[in-house]
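**Student:** Just passing along the structure, written as structure tokens.
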Amino acid sequence: MMLTSFAIGQFPVSLRDLVNLTLGGAVPPMVETVIVQVRLPRVLGAVLVGAALAAAGAAYQGMFRNPLVSPDILGVSAGAGLGAVLGIFLSLPVIAIQAFAFAFGLATVFLVYLIAVAVRGNDPVLVLVLAGVVMGTLAGAVISLLKILADPYDQLPAMTFWLLGSLASLNPADIKAALPMVLIGLAPLYLLRWRMNLMSLEEEEGRALGIDTTRLRLLFIVAATLITAAAVSISGIVGWVGLIMPHVARMLVGPNFDRLLPASMLLGAMYLLLVDNLARSLTVTEVPLGILTAFLGAPFFLWLLASGRRVWQ
């Protein structure tokens, strides 16, 4: 699929050109530029963002024992969106917009956590999720305000396009900036993946086994949030990947997080690669990823709900 992705687009690239460039052979300069500078970052970005969002989704669904949870449940996507829209509103360079998205995504989740600690309800998880919903709604309101105040011919289209998600403007520096953050977030999820299975138990059962479930859940939340913020900062808001792919993986390999995490990442990477191929080949004008993931994801998720209920029972 990755090889096919290099050949898809408005500029034709043949399989022969790909093989020649891979083996160090001669190819036209324009073809080399398209492959190395345009499509290579894009293909790598689709794999990275798809795998990252799917991993975060699998972690969140396991932690909250809820199959309807997605990576933006604690407001990280809304916060990142607010940061990016503010950066565009202030006419900042691209790297600063991505930095704003990353910082605001993390700051929003940190604020959600502080609110949950201050409220101290009977159900800490429920309070955390509700605080995330509130902060996400508030960030959405500020985004709407900035869109009203923005220049309708320059800033508003850029804001709208970013909020719908796209990999069109990715370059190698974006991949280098996001990859370390994703790997840092994935490390605890992978190294402690067997403990993630304990998150499906009740709090009392986990503590009876000698596991500090509160501290473990906080560690997983920080890791999954870091992954999501890093992915969203370079791709914009791409929905449905983190919600659907863990479900598909769970149907294929079962709920054991040892197998669920790598399966979700593989499926997430393949799914976003497929969606990105469609985005740049369906029409002359590129279709934002968020629109395609919604068109593909909504009916697929309804089918999953109808056919895969027993997996969670």
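**Student:** Surrounded by fewer than 19 Cβ atoms within 10 Å (Cβ to Cβ), of a type in the set (Ser, Thr, Tyr), under 29 Å from ALA294 (Cα atoms) and modelled with pLDDT under 85: is that true of SER200 in this structure?
**Tutor:** yes
Per-residue answers, yes or no, for (1) among the polar types (S, T, N, Q); (2) closer than 22 Å to ALA269 by Cα; (3) open to solvent by less than 70 Å² (accessible area, probe 1.4 Å):
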residue: SER169; (1), (2), (3): yes, yes, no
residue: ALA177; (1), (2), (3): no, yes, yes
residue: LEU189; (1), (2), (3): no, yes, yes
residue: LEU209; (1), (2), (3): no, no, no
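**Student:** Could you please find all residues in region 12-26 being free of Cβ contacts under 8 Å to residues at least 24 places away in the same chain and of a type in the set (A, V, I, L, M, F, W, C)?
**Tutor:** If we filter region 12-26 for residues that are free of Cβ contacts under 8 Å to residues at least 24 places away in the same chain, which is where we start, we get 12, 14-26.
Within region 12-26, LEU15, LEU18, VAL19, LEU21, LEU23, ALA26 qualify.
**Student:** While we're here: Name the residues in region 201-248 that are more than 14 Å from LEU74 (Cβ to Cβ), more than 16 Å from the chain's Cα centre (by Cα) and not in a loop (DSSP other than H, G, I, E, B), would you?
**Tutor:** Answer for region 201-248, where residues must be more than 14 Å from LEU74 (Cβ to Cβ), more than 16 Å from the chain's Cα centre (by Cα) and not in a loop (DSSP other than H, G, I, E, B): GLU203, GLU204, GLU205, GLY206, ARG207, ALA208, THR213, THR214, ARG215, LEU216, LEU219, VAL248.
**Student:** Pick out the one residue from ALA99, ALA52 that is within 19 Å of ILE184 (Cα to Cα) and surrounded by fewer than 21 Cβ atoms within 10 Å (Cβ to Cβ). Talk me through it step by step, then tell me what you get.
**Tutor:** On the way: ALA52 fails: surrounded by fewer than 21 Cβ atoms within 10 Å (Cβ to Cβ).
Just one listed residue meets the conditions, ALA99.
**Student:** Cβ contacts < 7 Å: first residue closer than 16 Å to ALA56 by Cα and without any contact (Cβ under 8 Å) to a residue 60 or more places away in the chain, restricted to region 209-238; second residue open to solvent by 20 Å² or more (accessible area, probe 1.4 Å) and of a type outside the set (A, V, I, L, M, F, W, C), any location; separation 6+ or different chain. Result?
**Tutor:** Listed by first residue and then by second, the contacts come to LEU216/ARG195; LEU219/PRO188.
**Student:** Among the candidates LEU15, LEU23, LEU74, which residue alone is modelled with pLDDT under 85, open to solvent by less than 10 Å² (accessible area, probe 1.4 Å) and more than 19 Å from VAL248 (Cβ to Cβ)? Write out each step before concluding.
**Tutor:** Details: LEU15 fails: open to solvent by less than 10 Å² (accessible area, probe 1.4 Å); LEU23 fails: open to solvent by less than 10 Å² (accessible area, probe 1.4 Å).
After applying the criteria, what remains is LEU74.
**Student:** Do you know which of the residues in region 252-283 that are modelled with pLDDT of 90 or more and β-branched (Val, Ile, Thr) is nearest to SER166 (Cα to Cα)?
**Tutor:** VAL275
**Student:** Any idea which of VAL142, VAL127 is farther than 23 Å from GLY290 by Cβ, among the β-branched types (Val, Ile, Thr) and assigned to a helix (DSSP H, G or I)?
**Tutor:** VAL127
**Student:** Restricting attention to region 10-19, which residues are charged (D, E, K, R) and not in a helix (DSSP H, G or I)?
**Tutor:** First, pick out the residues of region 10-19 that are charged (D, E, K, R): 16-17.
Residues satisfying the conditions do not exist here.
**Student:** Return yes when ASP123 is loosely packed, with under 13 Cβ neighbours inside 10 Å, farther than 30 Å from ARG65 by Cα and free of Cβ contacts under 8 Å to residues at least 40 places away in the same chain and no when it is not.
**Tutor:** In short, no.
**Student:** Name the single residue, out of those in region 168-200 being in contact (Cβ under 8 Å) with a residue 40 or more places away in the chain and part of a loop (DSSP other than H, G, I, E, B), that is nearest to VAL275 (Cα to Cα).
**Tutor:** Here the answer is ALA168.
**Student:** Take region 20-66 and flag every residue that is basic (Lys, Arg) and assigned to a helix (DSSP H, G or I).
**Tutor:** ARG39, ARG42
**Student:** Another question, then. Any residue in region 273-290 that is open to solvent by less than 70 Å² (accessible area, probe 1.4 Å) and touching a His at 6+ places or on another chain (Cβ under 9 Å)?
**Tutor:** no
**Student:** In region 138-154, which residues are touching a residue at least 12 places away in the same chain (Cβ under 8 Å) and loosely packed, with under 12 Cβ neighbours inside 10 Å?
**Tutor:** Correct list: LEU149 only.
The values are calculated or read from the model by the stated rules, or taken from the named source; none is laboratory data. This is a predicted model, so every value here is computed, not measured. We place every Cβ from the backbone using ideal geometry, glycine too, and count neighbours over all the protein chains shown. Keep in mind that these areas ignore ligands, DNA and RNA; they rest on the heavy atoms of the full protein, side chains included. Shrake-Rupley method; radii C 1.70, N 1.55, O 1.52, S 1.80 Å.
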